[in-house]
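The values are calculated or read from the model by the stated rules, or taken from the named source; none is laboratory data. Since this is a predicted model, take the numbers as computed values, not measurements. Cβ atoms come from the backbone with ideal geometry, glycine included; neighbour counts cover every protein chain shown.
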Amino acid sequence: MVSQRIKDELKAEVLELKNKGITPGLAVIIVGDDPASRVYVNSKKKACAEIGIYSEEYALPAETSEEELLALVEKLNNKDDISGILCQLPLPKHLDEKKVINAISPLKDVDAFHPANVGKIMIGDYDFLPCTPAGVMELIKESGIEVKGKECVVVGRSNIVGKPQAMLLLHENGTVTICHSKTRDLKEACLRADILVAAVGVPELIKGDMIKEGAVVIDVGMNRLENKKLVGDVEFSSASEKAAAITPVPGGVGPMTIAMLMKNTVRAATLNK
Ligand code: NDP
């Protein structure tokens with residue numbers, strides 16, 4: 001599995017850093033008791049332990065005030081044994097996510113959500129790549145498909161996935177189309193894609209008849225159905241009949257996101273030393 005290979009490489013890199021007196025450290029903040037967030041935070045902590053990254057968890061009650069949260073971020077910005085800070089989103093409604101993201105030091109912003117890092121991604125000169133889009137790029141690379149000159153369609157335009165994804169594909173010389181909820185003919189756009197990335201949050205929106213024969217399909221979606229089943233934004237059964245390569249949910253992009261977070265944390269340790 002690609003994610004395991006990346007984690008193994010990082011493990012070796014962390015050992016080397018430790019020999020030089022540098023130990024990467026990740027602080028994870030979680031506010032409230034959203035069950036999905038709890039699962040993600042646990043996976044991140046587990047990955048840290050596996051790789052040899054020091055980690056701290058700050059589990060705050062849902063009623064935490066913005067002042068308290070910002071004070072914690074400030075404390076972590078100045079904490080020498082912490083190289084990366086991650087605040088698990090979504091936050092409870094009374095907290096302003098933008099303010100919290102902006103408060104994280106750009107050099108410790110391992111999610112790459114801070115406007116300074118977003119701007120750097122835009123111009124292609126970055127310290128950190130956003131974890132999910134970077135994971136998608138690794139999966140595309142692994143499939144052996146060159147992005148250069150290909151029709152790339154990204155469905156979804158969130159700041160966390162869709163927009164940075166489109167930018168990374170553009171940096172690799174893809175011809176990129178971004179679709180969203182106002183796109184007039186989604187099927188027509190998807191059918192043009194040599195590389196299709198779905199980051200929508202609508203269970204199985206993309207069906208096999210929207211996919212070009214031989215396309216590479218990356219499904220970022222993670223949707224929990226009422227029966228507790230986890231499904232992607234792509235209908236795997238029909239899509240896999242058309243696609244040359246397709247990622248499953250669960251097990252495709254999810255583990256890559258965590259591997260890339262680990263990569264950013266190791267990178268942060270060298271930036272903050
Ligand atoms: P957002 O809700 O922030 O964005 C969804 C995007 O999809 C929006 O741009 C929206 O358009 C577009 N959209 C919604 N409905 C349609 C439709 N019917 N047709 C076309 N476009 C549509 O979601 P995220 O980007 O944060 O996440 C997307 C999915 O990826 C979710 O399932 C999430 O759980 C998953 N995810 C998975 C990760 C992983 O590690 N595997 C990490 C992060 C997210 P508009 O802008 O017009 O509203």
Spans of helices (runs of 4 or more DSSP H) in segment 167-273 with at least 3 residues of a type in the set (S, T, N, Q) and either in contact (Cβ under 8 Å) with a residue 24 or more places away in the chain or more than 16 Å from the ligand (Cβ to nearest atom) (or both): 236-242, 253-271
Which numbered condition G149 fails, given (1) in contact with a strand residue (DSSP E or B) (Cβ under 9 Å, 6 or more places away or on another chain); (2) free of Cβ contacts under 8 Å to residues at least 12 places away in the same chain: (2)
Scan of segment 38-84 for residues that are farther than 26 Å from K273 by Cβ, assigned to a helix (DSSP H, G or I) and in contact with a Pro (Cβ under 9 Å, 6 or more places away or on another chain), ordered by number: S43
Cβ-Cβ under 9 Å pairs, at least 6 apart or on other chains, segment 2-29 side hydroxyl-bearing (S, T, Y), far side part of a loop (DSSP other than H, G, I, E, B): T23/G52; T23/I53; T23/D81; T23/S83
Any hit, segment 21-33, residues being surrounded by fewer than 14 Cβ atoms within 10 Å (Cβ to Cβ), over 22 Å from P248 (Cβ atoms) and either at pLDDT below 95 or of a type in the set (D, E) (or both): yes
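Listed here are the residues, each with its yes/no results for (1) modelled with pLDDT of 95 or more; (2) within 19 Å of the chain's Cα centre (by Cα); (3) of a type outside the set (D, E); (4) within 28 Å of P115 (Cβ to Cβ).
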residue	(1), (2), (3), (4)
G156	yes, yes, yes, yes
Q165	yes, yes, yes, yes
L168	yes, yes, yes, yes
G174	yes, no, yes, yes
D209	yes, no, no, no
V220	yes, yes, yes, yes
V231	yes, yes, yes, no
S237	yes, no, yes, no
T247	yes, yes, yes, no
